[in-house]
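The values are calculated or read from the model by the stated rules, or taken from the named source; none is laboratory data. Keep in mind that what you see is a predicted model, and the values were worked out from it rather than measured. Ideal geometry is used to build each Cβ from the backbone, glycine not excepted, and the neighbour counts take in all protein chains shown. Accessible surface areas use protein heavy atoms only, side chains included; no ligands, DNA or RNA. Shrake-Rupley method; radii C 1.70, N 1.55, O 1.52, S 1.80 Å.
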Amino acid sequence: MPSNTDFLLAIEGLTVSFDGFKAVDDLTLYLSKGELRVIIGPNGAGKTTVLDLISGKTRATSGSIRYNNTELTTMSEHQIVRAGVGRKFQTPSIYEKLTVFENLEISYPWGRTVLGSLQFRRSEKVVERIYEVAKEIFLDDMLDEQAELLSHGQKQWLEIGMLLVQNPDLVMLDEPVAGMTAKERDATAELLRKIAKERSIVIIEHDMDFVAKIADQVTVLHLGKILKEGSMDEVRNDPEVQEVYLGH
Amino acid sequence: MNTLSNHTDSSFGKLLYERLFKNKEGVIAFILLAVVLLLVFPLCLNTFRLNLTGKYLCYAFVAIGLVMCWGNAGILSLGQGMFFGAGGYCMAMFLKLEASDPESTAIQSTPGIPDFMDWNQVTELPWFWFPFKSFPLTIALIFILPAVLAFLLSVFYFKGRVTGVVFAILTQSMVACLWYFIVGNQGFFGGINGITDLRTLNGWDIRTESAQKTLYYVCSILLLFCILVSRYVLSTRLGRVLLAQRDKEMRVRFSGYNLTLFRIFIFCFAAVLSAIGGAMFTLQVGFMSPNLVGIQPSIDMVIFTAVGGRESLLGAVYGALAVNAAKTAFSEAYPTLWMFLYGATFIIIVLYLPKGLAGLYDDHIKKWIFKLKPKSDSGTTPPSEDLEKEVPYAK
Amino acid sequence: MGGYTAQEIYSIVVMQSFSGVSLLCIYVLMGLGLYIIFGQMGVINMAHAEFLVLGSYTMCLFSKFITESVPALENIYVFLAIPLSFGIAFGVGYLVEWFLISRLYKRPLDTLLATWGLSLIMQQCFRTFIGAREMSADLPEWLLGSWSVNDSIDIPISGLILLVLTIFLTGGLVLYTTKTRMGLRMRATTQNRQMTGALGINTKMTDRVSFGIACGISGIAGAFFTTMASTSPSAGTNYIVDSFLVLVVGGLGSLFGLFISGAFLALLSSILEFFMTGSIAKVWLYLVIFVVLMKFTKGLFSDKVRS
C-alpha cells in the first residue's frame, strides 16, 4: 500500500499489457497541486494509454494511481469523474445533435443519477454557471447553435468547457489544439493558463511551439516509459530525446 | 445576447407544456392522434374493426417502448415479446381463474382449477397462480413482473457493457427461451395452445360488443397517457443523457454518469410499457398464447417501430397501425405476396427510410403542407385519407 | 437424474456427446460464416440459416435427381452434392452481398433487421418454388449407419464425416486467409477497409467473395443437415439463434473459442435432451448460456484489445 503524499496525483509502478505488449511499463509520475504538466513523446509511446488508465477507461495490469490519496485503479469512470478528474478526448467528443448550451448542461455536476436527472431543472444557478463557462471558452454568442455547426477548434473549446462545468481539480487534455488555427491556438494557450490558476492540468500535445508556450514541466514518454522529465529547454536539448524523435 | 430567462426553466404550467409538446406543432400532432383514436375510428369502424384496431393499438404500446429504448437510447431489444407476454399472461391468468370457478368446472376431475391443468393431470393450483386471484395484485404484477424481469436480464449485461448487436441477440434468445418455457409447461401455463376461453373481468363480460367498445376506449386513453409520460421522460435531462450516450458513450461516462443505471432504467421502462400493451391485448382478444410472444412477433414489434420512425413516439403508433392494417388486408387474400412484401419492408425501411414515416413527414410532407399554406405556422388537420402518412415528428 | 447409476450416466454422456457431434459441426460451420461476415463487414446476417436450408434443399433435390436419373451414382453422389451445395449457396450469397449487404456496412443493428427481412423472403421463396412440405434426401445406406465401438457406444458415420469435413474446412479457411493472395486481401479489408481500398485492392470484390464463402460453408452444413432432420422452408429458424449464441459465448472473434463453445453447447444440449423433453431442455440450455454470459460478458475467449 503506497503511503500518503502531498501530491495531487501519484502514479507508481503503473503497468498495462495488451496480449503481452506493455503499452505502459512501470511508470512513476507525480503531479503537484496547481501544476501544468505536458506529456510528449513519439507515436505509440503510450501517452493516451496513460490518460485512459488515470480516467478508468483502461484497467491497469499492476501499479497504483492515487489521486488526493484515493486509489483510482479500482474505481469506474463515473466515480473517478465525480472525485474531480475531468478528461478531454483526442478527437473532439461532443454531442453533435445538441446545442452548445445543452452540451454544457449535460456536464453540469448535479442530478447525475437516474432520479436526479428526471427531476433536474434549469435553475438560475445552473444557467449562470453555464454562461460563465461559455464566456471563458469564447462561445457565449453561440449557445443556441447546434454543436455540429461549430468549427473544429470551437468543438475543442466546447469539450474543454464541458470539463470546466464539472469543476474538476485535475483536467486532462488529449491534444487540445489539434486542428486549430494559429489564432485559436493562442486563445487556447491563454485559456489553459487561466484554467491552470485554480487546477492542475495534464496535457498531451505534439505541437512543440505550443508546449513551449504553456508548459511548466514536460515529461517525455517513450515505449511506455519515462525518458526524461524537466523544463521544455532541458528536454529539447537532451540528446536521448532528440534521438527518439529523429530516429522515429 | 443571452439573458438568463432565455434558458432558465419557465413556471410550472408552461414548463409542463413545453416538456410534453415542445411547441404548437406538437400539441396539434397529439390532438390529431387523440381525435383519430377517440372520434374518427369509433365513428367510422364497426365493432369488429374497432376491436381489431384496439388489438393493433396494444402493439403500439410496445412500439413506443422501443422508441424509448431503441430509437432514443440505442438499445435494440428483439425480445419485447417477452414483456408483452408477461403482461398478457398476468392478465390471462387472472381472467382464467375467474372463468374457472368450481361451478363452471364441475365436470373436471378437479373442479376449480383451469381446464388445461385438469387435462394435464395437475390436481392442485400451483403456488404461483395464487396472486392472480386478486385483481389489485394482478394489476400490480403487470407492472412489477416485467420491470423485475427486465432488471434481472439486463443488469449484468449492462454492467459488463454488453450493448448493440450482442444485446439484441441475447434478447432474442431470451424470448425464444420464454417461448420454450411456456410450451414446455403445458400443465402450468397452457402450453402451445395458450390460455384461452377467457370470459369475465370482475364479473363484467368482456366478450360483448359494448365491453369491446369500452375496452377500446380504455386502451386508447391509456396509450395517449403513456405517450405523454414517455414524452415527459424524454424531455428531462435523463432523455438528453440517453440520447447523448447513444452516440458518444464515453463522453457521457466522463461527464460522471453511471450509464449502467440509465440503461437499466430505460429498458425496464420499455418493458413495463410492453406489458401494459400485453395486458390490454388479453382483455380485448380474449386469449394469450406463446405464439404471440415468440421470436417473430418480437421482431415484428421492432418493424412497427421502424416503419413509424424509431425516434418518434407518435410515429410508432401510426407504424403499428399501418403495418398491422396492411397485414390484415393482404395476408389473407395474398399470403405469398404478403410475405415477400413484408420481407421487403424490412429492407426498404433500413435502406431508404431509416427514420420511417416520421422521417418521410419531416423531410417531405411537412414542406409540402407549408407550401400550400405558407401563412399558417403549423400544419392544419390534414385530409383523413393521408392519415397514415401524417406522422408529426415528436421530438 | 436419480434413477441412473454412475456407470449408466457415464455411458449416456459418452453416447450423447457423439450424437452431439453433428450438432457441434453445424454450430461451428454456421459460426465460422457469421464470424467472417461480422468480422469483415460489421454485418449481422440473420439470414444465414436460410443458406443452410438452401444447402439442404440442394442435397434433397440432387439426391432425387440422382435416384431417378443416374442410379449408378447412388452410393457416391453425396461427394458431388457437397461441392454443389457450397457452389449454390456461394452464388446466392455473392448476389445477396452485391445487391443488399454492400449497402449496409458498419450499421450492425440495421443489418440485423434488413437480413431478417431477407430471411423472410428466402423462406417464402422456398415455400413458393420448392414447396411447403417437409423434404428429406434419399441418403445411401452406408452414410446412415453407425460404427459400434462397444455395446453401449454407437458413433454415427455421418457425424464422423461431418467432423472430419469441419476440421478440414476450418483448417482450409485458416490456410486460405493466411497463405493466399485473396485471403491476404480479406484480412487487410477486415483491418482497414479504407487503406486497403487506397492500395488499389478491390475491396468490394473481396467482400463479395468472403460473403459467398461464408454462405457456402453454411450450405455445406446444410447438406449434412439432411442426415439429422428433414428440411422445410423454416427449418433454419431454430439454428440461427443458437449459432449466434455459440459465437457470442465463444467470444466473437476467436476461432478457438468458437470450437470450444460449439462443443460445450452441443454436448450440453444433447445431454439435456436425453433427460427431459425438448422444450424444457432448451430452456435450461438458454438459462445456462445466460448465466455464463452474465459472468463472462465478453464471452469465454475474448482477447484483450486496446479499444
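Below, the figures for the structure above:
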item: Cα-based helix-to-principal-axis angle, A:152-166 vs chain A, degrees rounded to 10; result: 80 degrees
item: Average other protein chain Cβ within 10 Å of Cβ, residues A:111-119; result: 6
item: Orientation-averaged projected area, Cα convex hull of chain A (nm²); result: 14.4 nm²
item: For A:LYS125, solvent-accessible area (1.4 Å; no DNA, RNA or ligand), Å²; result: 150 Å²
item: Neighbouring partner chain Cβ atoms per residue of B:346-357, average, 10 Å criterion; result: 4
item: Cα shape, region C:6-304, gyration tensor, a/c 1.5 rule; result: oblate
item: Chain A, helix-only ellipticity at 222 nm - DSSP H runs n ≥ 4, -39,500 (n - 2.57), divided by all residues, nearest 500; result: -11000 deg cm²/dmol
item: Calculated SAXS-style log₁₀ I(q)/I(0) at q = 0.06, 0.07, 0.09 Å⁻¹ - the protein assembly as shown, Debye, Cα scatterers; result: -0.51, -0.70, -1.11
item: Using alpha-carbon coordinates, inclination of helix B:335-352 to the longest axis of chain B, degrees; result: 40 degrees
item: Alpha-carbon radius of gyration plus Dmax, which is the widest Cα pair, for region B:55-394 in Å; result: 21.2, 74
item: Solvent-accessible area buried by B and C, counting both chains, probe 1.4 angstrom, square angstrom; result: 3600 Å²
item: Cα centroid separation, region B:292-346 to region A:1-43 (Å); result: 55 Å
item: Dipole moment magnitude, nearest 20 debye, the protein assembly as shown about Cα centre, only Lys, Arg, Asp, Glu C-beta charged; result: 1400 debye
item: Rg(Cα) / (2.2 N^0.38 Å) computed for region C:230-282, rounded to two decimals; result: 1.25
item: Axial C-alpha extent at least 18 Å, average Kyte-Doolittle at least -0.5 - helices from chain C (DSSP); result: C:6-19, C:21-41, C:48-69, C:77-99, C:108-125, C:157-179, C:203-225, C:237-250, C:255-275, C:278-295
item: Rounded percent of accessible protein surface that carbon and sulfur make up, region B:21-119, 1.4 Å probe; result: 66 percent
item: DSSP beta bridges in the protein assembly as shown [antiparallel fraction, %, rounded to 5]; result: 60 percent
item: Whole-percent carbon and sulfur share, accessible surface of region A:96-167, 1.4 Å; result: 49 percent
item: Surface accessible to a 1.4 Å probe, A:ARG59 within the full protein complex, Å²; result: 100 Å²
item: Rg ratio (alpha-carbon, reference 2.2 N^0.38 Å) - region C:106-198; result: 1.71
item: Rounded to whole Å, sorted largest first: equivalent-ellipsoid semi-axes of region C:1-81, Cα gyration tensor; result: 32, 26, 10
item: Solvent-accessible area per residue, Å², over region C:6-304 with all protein chains present [probe radius 1.4 Å]; result: 42 Å²
item: Dimensionless Rg/Rh of region C:149-307 - Kirkwood Rh, Rg from C-alpha atoms; result: 1.02
item: Å³ per residue enclosed by the Cα convex hull of region B:1-149; result: 202 Å³
item: Cα→Cβ-extended label distance, 7 Å offset, between A:LYS125 and A:GLU234, nm; result: 4.4 nm
item: Rounded Å value of the spacing that divides the Cα centres of region C:173-221 and region B:66-96; result: 40 Å
item: Cβ-placed point charges (K, R +1; D, E -1), dipole of region B:126-238 about Cα centre in debye, nearest 20; result: 400 debye
item: Overall dimensions of region A:35-131 by Cα: Rg and Dmax, Å; result: 16.3, 47
item: Accessible surface of B:ILE221 - all protein chains present, 1.4 Å probe, nearest 10 Å²; result: 100 Å²
item: Sequence of A:GLU77, C:GLU68 from largest to smallest accessible area, 1.4 Å probe; result: C:GLU68, A:GLU77
item: Calculated log₁₀ intensity ratio I(q)/I(0) where the Debye formula runs over C-alpha points of region A:1-53, q = 0.19, 0.31 Å⁻¹; result: -0.74, -1.32
item: 10 Å Cβ neighbours from other chains, averaged over peptide B:164-176; result: 6
item: Label-point gap, in nm, between B:TRP127 and C:MET276 - each point 7 angstrom along Cα→Cβ; result: 1.8 nm
item: Alpha-carbon radius of gyration plus Dmax, which is the widest Cα pair, for region B:135-262 in Å; result: 19.8, 57
item: Simple label model, 7 Å out from Cα along Cβ direction - A:THR74 to B:ALA326, nm; result: 5.6 nm
item: Over chain C: helical MRE at 222 nm, DSSP H runs n ≥ 4 each giving -39500 (n - 2.57), nearest 500; result: -24000 deg cm²/dmol
